[in-house]
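Below is one structure, written out as structure tokens; the observations come after it.
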Amino acid sequence: MKRIVYVLFFALMLSSCSSDNDDNLQTTSSNFYALTVGNQWVYKNYKYNAETEDYEDTGVVDSVSIIGTETINDNVYYNFKRVTTGNEEGITLCNANGEHYELLRDSLGYLIDDGGMIKYANNDFTERTMSQQDWGTIYDQLVALDNEITVEAGTFESSYTQRYVILSNGEQANGLDHYYYADGFGLIFDTSSFVSDDIPIIKRRLDSYVIE
């Protein structure tokens, strides 16, 4: 089979909360996605080195904050601003330098954008179609609710979702991406892969956060 170079993962700019950057297990909150104006968090991007078989800091930083709200069709959306720096070289699967804005809201555990797309589900284990292409279909599926994960910002009890592709021939592609979200902290960790590769190219980890 010819090598497939389509991107499996597209970075989702979601929320988090405050941190003193210790290693203690974080507590939970009813505001699962931390949708509060003023919240801020910082993610660092790490790229896989095939020679060392390790992930190295790229210097690319995604700084995200909730800067306000907007009401659309009687639904309140939170305005996320992401500023990416350190990607002057245009590293593959890292965000480009500059500002990006996104409107998101929580609807019964689903994180939804202003176009109606479900970005994440924290209580639904049903396989969900994310995108259909000529070469295959991208799916998301919530796998577990209580996975513990440690990143630079601390240790969190997180829900865990996988993203994968079923090719047009019915086979599952090698690429598999991973998303960890913690109740009250939002996105903790995610990966970015090519469909044909069984090892993610980029890992993005929560480095610090602030909650109002």
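The values are calculated or read from the model by the stated rules, or taken from the named source; none is laboratory data. Note that the coordinates shown come from a computational prediction; the quantities given were computed from them, not determined experimentally. All Cβ positions, even for glycine, are placed from backbone atoms using ideal geometry, and neighbour counts span all protein chains on display. Note: accessible area is taken over every heavy atom of the protein model, side chains too, but ligands, DNA and RNA are not part of it. Shrake-Rupley method; radii C 1.70, N 1.55, O 1.52, S 1.80 Å.
3J(HN,Hα) couplings calculated from phi for region 31-41 with the Karplus curve 6.51 cos²θ - 1.76 cosθ + 1.60 (θ = phi - 60°) are, in sequence order, 8, 3, 8, 6, 7, 9, 4, x, 5, 9, 7 Hz; Gly and Pro show x. Surface composition of region 35-99: carbon plus sulfur atoms hold 39% of the accessible area, using a 1.4 angstrom probe and ignoring ligands, DNA and RNA.
Placing a pseudo-label 7 Å from each Cα along the Cα-to-Cβ vector at residue 126 and residue 152 gives an inter-label distance of 3.8 nm. For region 130-193, with all protein chains in place and a probe radius of 1.4 Å, 35% of the accessible heavy-atom surface sits on carbon or sulfur.
For region 30-106, the pair-distance distribution built from all alpha carbon pairs, in bins 10 Å wide starting at 0, is 18, 37, 26, 15, 3, 0 percent. Here the chain is treated as a Stokes sphere of Kirkwood radius computed over C-alpha pairs; at 37 °C and 0.692 mPa s its diffusion coefficient rounds to 187 µm²/s.
Over the chain, accessible surface divided per residue gives 48 Å², non-protein components excluded, 1.4 Å probe. Calculated on C-alpha atoms, the gyration radius of region 133-191 divided by its Kirkwood radius gives an Rg/Rh of 1.10.
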